[in-house]
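Q: Starting off with a structure, shown below.
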Amino acid sequence: MNQKLTPATALMLLVPPLLWAGNAIVGRLVHDMVPPIMLNFLRWVIALLILLPLGQSIFRRGSGLWEARKTLAVLGLLGIGLYNALQYLALQSSTPINVTLVAASMPVWMLLIGRLFFSSPVSRRQVGGALLSVAGVLLVLSRGDWQQLLSLRLVPGDIFMIFATISWSLYSWLLTRSTGLAQLKQSWAHFLLAQVVYGTVWSGAFAAGEWAVTGRSIAWSPALLAALAYVAIGPAIIAFRCWGAGVQRVGPSIASFFNNLTPLFAAVMSSAFLGELPHGYHGIAFALIVGGILLSSRK
């Protein structure tokens, strides 16, 4: 049963969007250095090597790694093999504002998928919270001028991001509704490593297909190595750990609203890199997004 949203859980769910905002910026910065799907593969290979000392006992017989292979293979496909690969792929042809706008629809997808496939009821408060939260995101993306939204045009990258958002929504619901994972969930490192093992196989297969089709090579540099270290440790290990724990506590529907803080954090980071001070609409947007979170999480 989902618990009440506590300050500790809220703080835990603030970490992923903060790190994912940095992930979007880094992914855009290195898109000329490494193919997008290869970037996702390298990211998870590094994460796998980091997690091995913490959860190597899952490779012993009876740990659940093989017994729950079907469920773990699906989780690895949705959360590791597809989500970020599609996001990095989207950044190749779409603008950051379009990608962020599409990702802002996650609370809506989360509620819809929960209702259709997991028989989860949708309350008026959750719908109202979703509208408030999305309004806050739109305010950030329009920079306080709603007319800017009228100039947006969909490109192939936006379609990739739609599929990425749906993939992450399914992944989040399966985290709470999948059976046969109780033994692995006793340790966060074991559970995450089990997903990464299967997810790395998926991402490796996709990267091999990308190389066979495009033949693009990697432009190695210290900047790329630093970027790989960040996306493997922060948005991968730390963010996945916090997201998984947060979803287990309050459920995917409420947790999804925290995802809409990602574009706000990205806007603040961009302002910091560009030397620009935050504007008044950033504060209003923050209030709208937090209002959506509080409204949707009320019992």
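Q: Please list the helices of the chain that count as membrane-span-like by this rule: a mean Kyte-Doolittle hydropathy of at least -0.5 together with Cα atoms stretching 20 Å or more along the helix axis, each helix being a complete DSSP H run.
A: Qualifying helices: 7-29, 36-55, 124-141, 156-177, 188-214, 280-297.
Q: Follow-up question, since we're still on this one. Counting only helical runs of four or more DSSP H residues, what would the 222 nm mean residue ellipticity of the chain come to if each run contributes -39,500 (n - 2.57) and the total is spread over all its residues?
A: So the helix-based figure for the chain works out to -23000 deg cm²/dmol.
Q: Quick check on the exposure proxy: order 188, 66 from fewest to most C-beta atoms within 10 angstrom.
A: In order of increasing Cβ crowding within 10 Å: 66, 188.
Q: Another question, if that's okay. If I stretch the segment between residue 14 and residue 59 completely, what's the gain in nm (0.36 nm per residue apart, minus their alpha carbon distance), one decimal?
A: 13.0 nm
Q: Here is a further query. Could you please report the charge total around residue 247, scoring K, R as +1 and D, E as -1 over all other residues with beta-carbon less than 13 angstrom from its beta-carbon?
A: +4
Q: Would you list 297, 119 from fewest to most Cβ contacts within 10 Å?
A: Fewest-to-most ranking of 297, 119: 119, 297.
Q: Suppose we keep just the alpha-carbon trace of segment 152-299; what are its Rg and Dmax in angstrom?
A: Computed over the Cα atoms of segment 152-299, radius of gyration and Dmax are 18.5, 53 Å.
Q: So what's the net charge close to residue 232: Lys and Arg +1, Asp and Glu -1, counting the other residues with Cβ under 15 Å from its Cβ?
A: Combined, the nearby Lys, Arg, Asp and Glu give +2.
Q: Could you put 158, 32 in order, starting from the residue whose Cβ has the fewest other Cβ atoms within 10 Å?
A: Arranged by neighbour count, lowest to highest, 158, 32 become 32, 158.
Q: Same structure again: Report Rg/Rh for segment 1-158, rounded to two decimals, where Rg is the Cα radius of gyration and Rh the Kirkwood radius.
A: My calculation puts Rg/Rh at 1.00.
Q: Further question: Determine the sum of side-chain charges near residue 63: Lys and Arg each +1, Asp and Glu each -1, restricted to other residues whose C-beta is under 15 angstrom from that of residue 63.
A: +3
Q: Take the alpha carbon atoms of segment 80-225, find their radius of gyration, then divide it by 2.2 N^0.38 Å using N residues; give the quotient.
A: 1.25
Q: A follow-up question, please. Relative to the compact globular guide of 2.2 N^0.38 Å, what is the alpha carbon radius of gyration of the chain, as a ratio?
A: The value comes to 0.97.
Every read-out reported here was derived from the displayed coordinates using simple, explicitly stated rules and does not represent laboratory data. All values reported here derive from a predicted model rather than from experimental measurement. Backbone-built Cβ (ideal geometry, glycine too); neighbour counts: all protein chains shown.
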